[in-house]
Amino acid sequence: MATHHASPGEIVDLATWAQDVPNEKTKVIVKTDEMELVRLVLPAGKEFADHKVSGPCVIHCITGEIECVAIGTTQLLASGQLLYLMPDEPHSVKAVVDSVVLLTIIFKD
């Protein structure tokens, strides 16, 4: 079964995203040649270790609390907070508690 991606103009309800945490439903919301929006569902303790993306990215904590390691420092992001990273910046993300994260990646030409 194909993954549903949001269409231009389609409303994506961020308020209901946390309902997937027990089932670990990480999903790509939108993927185009220019950008990708990904909902990461991270149960407490889950980590995406040491990775990087080719374009600038935004890590936005929708619910919960996450620990981000980037640019030589560790920072905690709570619900409603975000972190912007430059292209090719190595980083890791770890859930302190059950969390939902919106990852926005802009692809370079």
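Laboratory data are not the source of any read-out in this text; all were calculated from the coordinates shown. Just so it is clear, the model here is predicted, and its values are computed rather than measured. Cβ placement follows ideal geometry from the backbone for every residue including glycine, while neighbour counts extend to all protein chains displayed.
Provide the packing ranking of 81-91, 57-67, 35-45, i.e. peptides ordered by the mean count of other C-beta atoms within 10 Å per residue, highest first. Walk me through the intermediate numbers first.
Values: 81-91: 14.2, 57-67: 20.6, 35-45: 17.5.
By packing density, highest mean first, the sequence is 57-67, 35-45, 81-91.
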Here the gain from full extension of ILE11 to MET86, 0.36 nm per residue of separation minus their alpha-carbon distance, amounts to 24.2 nm
Label SER79 and LYS25 with points 7 Å out from Cα along Cα→Cβ: what is the distance between them in nm? 1.9 nm
Taking the Cα-to-Cβ direction at SER54 and at VAL96 and moving 7 Å from each Cα, how far apart do the two end points lie in nm? 3.4 nm
Nitroxide proxy distance, nm - points 7 Å out along Cα→Cβ at THR32 and ALA44: 3.9 nm
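Looking at the square roots a ≥ b ≥ c of the eigenvalues of the Cα gyration tensor of region 36-109, which shape do they give, rounded for a/c under 1.5, prolate if a/b is larger than b/c, or oblate?
Details: a/c = 1.86, a/b = 1.46, b/c = 1.27.
Taking the square roots of the gyration eigenvalues as a ≥ b ≥ c, region 36-109 is prolate.
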Pairs to check: LYS31/LYS94; LYS27/LYS94; LYS27/LYS108; LYS25/LYS46. Give those whose C-alpha atoms are more than 19 Å from each other in this structure. LYS31/LYS94; LYS27/LYS108
